[in-house]
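Peer 1: Mind having a look at this structure? Questions to follow.
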Amino acid sequence: ALIGGGAIATVFGLSQFSQYRNKHGAFVRVQAAEAVTVPRNKDFPTREQQILALQTTGEFDVLVIGGGATGCGCALDAVTRGLKTALLERDDFSSGTSSRSTKLIHGGVRYLQKAIMKLDLEQYRMVKEALEERANLLEIAPHLSAPLPIMLPVYKWWQLPYYWLGIKLYDMVAGSQCLRSSYVLSKSRALELFPMLRKDDLVGAIVYYDGQHNDARMNLAIALTAARYGAATANYAEVLRLLKTPDPAGGKDRVCGVRCRDVLTGQEFDVKAKCVINATGPFTDSVRKMDDQEVPNICQPSAGVHIVMPGYYSPDNMGLLDPATSDGRVIFFLPWEKMTIAGTTDSPTDVTSHPIPTEEDINFILNEVRNYLSVDVEVRRGDVLAAWSGIRPLVTNPNSKDTQSISRNHIVTISDSGLVTIAGGKWTTYRAMAQDTIDAAIQAHGLKAGSSKTIGLQLQGAEDWSPTLYIRLVQDYGLESEVAQHLASTYGDKAFEVAKIAQVTGKRWPIVGKRLVSEFPYIEAEVVYGVKEYARTAVDMISRRTRLAFLNVQAAEEALPRIVDIMGKELNWSEQKKKEEFETAKKFLYYEMGSKVKSEQLTDSSEISLAPSDIERYKKRFHMFDKEKKGFITILDVQHVLESISVQIAEKTLHEILNEVDLNKNGQVELNEFLQLMSAIQKGHVSGSRLAVLMKTAEENLHQRLVIPVDRSGGGL
């Protein structure tokens, strides 16, 4: 009792002190945002104007290499201090790690656990800083972020007070910036809020709050905000080498700029700067070696795989945390964009621009999900709609092997030649990392600038946003409610600019807003607006301006032709260029978004594991279409059966339906291929096969003349 009372008194006292400090900090926050004296333009320049600024400006104060969250954060911090700023990104903004996160804005519950268990002050400071940054990020971009309750299920009685104390300490460290207080749930209440949870041995649950965001759009908002304040930011501008000049004082060469290439035109030019900042995430060491070939590596990359499953796997507004997986890692199971994200893994990897999710990692996540979901919920491999791998740029000793024990904290280093490098860290702390980096750059290079102004500085779209903004979009433009909500939560107060260019549908309702695919709220006008937001490839559009590739690979592929047509018109692409963009985007979906591992679930060598009775049943169904006993069915066979029940389906659609199952791509579906399909469906490896649904429905309703649904289903991978 004494120990417990003392602990409670200590926690309460520290909490009150923390709240006092944070309230004082709130005043500092307001002052920082209001102290920005740099004018903000009404709109951001075109990419062509940005390239021209890079070519014609004699010398910048700061040049940032890297257009991820940290790089764009550095550019925004520098330009709002009044420094002449440039940023170069060889691919698209957020094309790397920053778009492939768990979508959480969090302090890190497990880092706090390590800090307490190991008495690690560095881990504690990192959690404290992250929680402060979490509050700031939710404030400066409320349209792109929101608090999310996360449930921690408890299956042993002794774990309940243990986890409760840990989560309460997490709240306490946040102080007045705690989003909402955590609480304990009984077993019945936990199952009411998360009905798909495993019931056996469930004791209760603890719910705490963290933030969630649209990571790629958040990264873009930072970049666009920097551009509006005057930073010359350019994507598809690759740094080829560092420029150096002799230092009269010290005699050593100093970095004075870069030689870069416009990837889209091939044009090369120099960009001079007093200070060059390396903010390239996993590629940190490659830029450092441009400066000095002998420098040792400071990054040890770690791969994190995530999968996306249908929204019915989780409640609309409740996540799940598995605090101790079978191999000691942490798995999150979160609702996002009306789908469900599960992840992540954590394993050493090589640095690559195109990380690929592996079947091993996907199955690991699925197995962990099965451990926490009810036996009534069949977790199927075929329900994986998308999968991706992201590379975390962890700061480590080159001899370290265990990436899980490495802190996600960041370091700022300055080389002998003056190259400033920011490495490590996490998405949530991008702003603090940028502030530390610019502070170090100012001191090392003698730049004239004041303190950071980015605390409380609203990002693109946040200024006039409100939770009810979408209602005005519905009323003023005649958009569907779902589409209006999507536009408001993606573009903030800039949603009106998208709505203004939305095409008339010709229908009674909605009046404007043609969807790219039927089951997602993305509309064609977003492609036009995405080009304005510096999108220059079809991959930019399906993965980072919209998030289709991250939500459903098949839906993204279905939308590709229309996206390429619209972008081609906006960017004056030739037919050959449009064909190249289409093929490049399909390759991206195939390798990086999980389509490849999907295709391996059903191949011409797939095992047929069916009971004899099932084989006979499926043969009978197949022969209903193959009346001539050829051993295969074609489009004509399917059309004949459909005509007999007065159903018409477009020939193009039938081609697509059969092609999904035509494993050897000979234009026909053979009996063995059909049996392989039905076996894969029974095992859960494949879901949503249109041919299987069509044939089953035709068999059941042949004499009832019912309409057969042929819309693409969820499109599981």
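The values are calculated or read from the model by the stated rules, or taken from the named source; none is laboratory data. Computed from a predicted structure; not experimentally measured. Please note: Cβ atoms are built from the backbone with ideal geometry, for glycine as well, and neighbour counts cover all protein chains shown. With ligands, DNA and RNA removed, areas are computed over all heavy atoms of the protein, side chains included. Shrake-Rupley method; radii C 1.70, N 1.55, O 1.52, S 1.80 Å.
Peer 1: Which condition breaks for residue 668 when tested against (1) touching a residue at least 12 places away in the same chain (Cβ under 8 Å); (2) surrounded by fewer than 17 Cβ atoms within 10 Å (Cβ to Cβ); (3) outside the structural domain of residue 539 (by the TED database)?
Peer 2: (2)
Peer 1: Across region 464-489, what is the number of residues that are within 21 Å of residue 222 (Cβ to Cβ) and out of contact with any helix residue (DSSP H, G or I) (no Cβ under 6 Å at 6 or more places or on another chain)?
Peer 2: 2
Peer 1: Answer yes if at least one residue in region 205-214 is more than 30 Å from residue 541 (Cβ to Cβ), modelled with pLDDT under 95 and either open to solvent by 30 Å² or more (accessible area, probe 1.4 Å) or under 27 Å from the mean Cα position of the chain (by Cα) (or both), and no otherwise.
Peer 2: The answer is no; no qualifying residue exists.
Peer 1: Which residue is nearest to residue 655 (Cα to Cα), if the candidates are limited to region 540-568 and must be touching a Lys or Arg at 6+ places or on another chain (Cβ under 9 Å) and among the β-branched types (Val, Ile, Thr)?
Peer 2: So the residue we want is 553.
Peer 1: Within region 63-114, count every residue that is among the charged types (D, E, K, R) and under 25 Å from residue 351 (Cα atoms).
Peer 2: Summing the residues that are among the charged types (D, E, K, R) and under 25 Å from residue 351 (Cα atoms) in region 63-114 gives 6.
Peer 1: If you take the residues of region 490-500 that are open to solvent by less than 50 Å² (accessible area, probe 1.4 Å) and not hydrophobic (A, V, I, L, M, F, W, C), which of them is farthest from residue 220 (Cα to Cα)?
Peer 2: In this case the residue turns out to be 493.
Peer 1: So in region 113-128, with the set limited to residues that are surrounded by 19 or more Cβ atoms within 10 Å (Cβ to Cβ) and within 17 Å of residue 211 (Cα to Cα), which one is modelled with the highest pLDDT?
Peer 2: Filtering region 113-128 for residues that are surrounded by 19 or more Cβ atoms within 10 Å (Cβ to Cβ) and within 17 Å of residue 211 (Cα to Cα), the one modelled with the highest pLDDT comes out as 127.
Peer 1: Residues of region 261-276 being open to solvent by less than 20 Å² (accessible area, probe 1.4 Å), hydrophobic (A, V, I, L, M, F, W, C) and closer than 15 Å to residue 48 by Cα, which ones?
Peer 2: Hit for region 261-276 is 269, nothing else.
Peer 1: While we're here: Between 301, 282, which is in contact (Cβ under 8 Å) with a residue 40 or more places away in the chain, crowded, with 23+ Cβ neighbours inside 10 Å and closer than 27 Å to residue 253 by Cα?
Peer 2: Every option except 282 fails the conditions.
Peer 1: Pick from region 651-675 the residues that are at pLDDT below 80 and among the polar types (S, T, N, Q): which of them is nearest to residue 611 (Cα to Cα)?
Peer 2: Restricting to residues being at pLDDT below 80 and among the polar types (S, T, N, Q), the top hit is 664.
Peer 1: Would you tally the residues in region 523-554 being part of a helix (DSSP H, G or I) and under 18 Å from residue 306 (Cα atoms)?
Peer 2: Residues that pass the stated criteria total 9.
Peer 1: What do you reckon, is residue 688 closer than 29 Å to residue 380 by Cα, at pLDDT below 85 and in contact with a Pro (Cβ under 9 Å, 6 or more places away or on another chain)?
Peer 2: no
Peer 1: Out of the residues in region 98-112 that are aliphatic (A, V, I, L, M) and closer than 12 Å to residue 173 by Cβ, which is surrounded by the most Cβ atoms within 10 Å (Cβ to Cβ)?
Peer 2: Filtering first and then ranking leaves 112.
Peer 1: Given the structure, is residue 151 modelled with pLDDT of 90 or more, part of a strand (DSSP E or B) and open to solvent by less than 50 Å² (accessible area, probe 1.4 Å)?
Peer 2: yes
Peer 1: If you don't mind, another one. Sort out which residues of region 341-392 are part of a strand (DSSP E or B) and among the hydroxyl-bearing types (Ser, Thr, Tyr), and write them in order of number.
Peer 2: If the condition is that a residue be part of a strand (DSSP E or B) and among the hydroxyl-bearing types (Ser, Thr, Tyr), then 347, 389 are the ones that fit.
Peer 1: Which is within 29 Å of the chain's Cα centre (by Cα), assigned by the TED database to the domain that holds residue 83 and farther than 24 Å from residue 535 by Cα, of 263, 255, 287, 305?
Peer 2: Within the list 263, 255, 287, 305, the selection yields 287.
The rows are residues; the columns are (1) in contact (Cβ under 8 Å) with a residue 40 or more places away in the chain; (2) part of a helix (DSSP H, G or I); (3) out of contact with any Phe, Trp or Tyr (no Cβ under 7 Å at 6 or more places or on another chain); (4) on the phi < 0 side of the Ramachandran plot.
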site: 577; (1), (2), (3), (4): no, yes, yes, yes
site: 583; (1), (2), (3), (4): no, yes, yes, yes
site: 608; (1), (2), (3), (4): yes, no, yes, yes
site: 613; (1), (2), (3), (4): no, yes, yes, yes
site: 624; (1), (2), (3), (4): yes, yes, yes, yes
site: 636; (1), (2), (3), (4): no, yes, yes, yes
site: 657; (1), (2), (3), (4): yes, yes, yes, yes
site: 663; (1), (2), (3), (4): yes, no, yes, yes
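Peer 1: Same structure, new question: Looking at region 228-263 only, could you name the residues that are assigned to a loop (DSSP other than H, G, I, E, B) and farther than 23 Å from residue 83 by Cβ?
Peer 2: Within region 228-263, 236, 248, 250, 251, 252, 263 qualify.
Peer 1: Go through (1) out of contact with any strand residue (DSSP E or B) (no Cβ under 9 Å at 6 or more places or on another chain); (2) touching a residue at least 24 places away in the same chain (Cβ under 8 Å); (3) assigned to a loop (DSSP other than H, G, I, E, B) and name the single condition residue 180 misses.
Peer 2: All conditions are met except number (1).
Peer 1: Select from region 183-212 the residues that are part of a strand (DSSP E or B) and among the β-branched types (Val, Ile, Thr) and write down the one among them that is farthest from residue 128 (Cα to Cα).
Peer 2: 184
Peer 1: Residues of region 433-482 being assigned to a helix (DSSP H, G or I) and polar (S, T, N, Q), which ones?
Peer 2: 435, 437, 443, 475, 481, listed by residue number.
Peer 1: Residues in region 304-323: is at least one free of Cβ contacts under 8 Å to residues at least 60 places away in the same chain and within 29 Å of residue 162 (Cβ to Cβ)?
Peer 2: Checking region 304-323: at least one residue is free of Cβ contacts under 8 Å to residues at least 60 places away in the same chain and within 29 Å of residue 162 (Cβ to Cβ).
Peer 1: Has region 378-391 got at least one residue that is open to solvent by 10 Å² or more (accessible area, probe 1.4 Å), among the hydroxyl-bearing types (Ser, Thr, Tyr), under 26 Å from residue 91 (Cβ atoms) and within 19 Å of the chain's Cα centre (by Cα)?
Peer 2: No - not one qualifying residue is present in region 378-391.
Peer 1: Restricting the search to region 326-350, which residues are over 19 Å from residue 378 (Cα atoms) and crowded, with 16+ Cβ neighbours inside 10 Å?
Peer 2: Hits for region 326-350 are 329, 330, 336, 337, 344, 345, 346, 347, 349.
Peer 1: So which of 196, 218 is out of contact with any strand residue (DSSP E or B) (no Cβ under 6 Å at 6 or more places or on another chain), of a type in the set (A, V, I, L, M) and touching a residue at least 60 places away in the same chain (Cβ under 8 Å)?
Peer 2: Only one candidate qualifies: 218.
Peer 1: Only one of 574, 518 is open to solvent by 50 Å² or more (accessible area, probe 1.4 Å), small (Gly, Ala, Ser) and at pLDDT 95 or above; which?
Peer 2: Only one candidate passes the filter, namely 574.
Peer 1: Does any residue of region 121-141 turn out to be within 22 Å of the chain's Cα centre (by Cα) and assigned to a loop (DSSP other than H, G, I, E, B)?
Peer 2: The answer is yes; a qualifying residue exists.
Peer 1: Name the residue, out of 487, 447, 457, that is among the hydrophobic types (A, V, I, L, M, F, W, C), closer than 26 Å to residue 570 by Cβ and open to solvent by less than 60 Å² (accessible area, probe 1.4 Å).
Peer 2: That would be 487, the only listed residue that is among the hydrophobic types (A, V, I, L, M, F, W, C), closer than 26 Å to residue 570 by Cβ and open to solvent by less than 60 Å² (accessible area, probe 1.4 Å).
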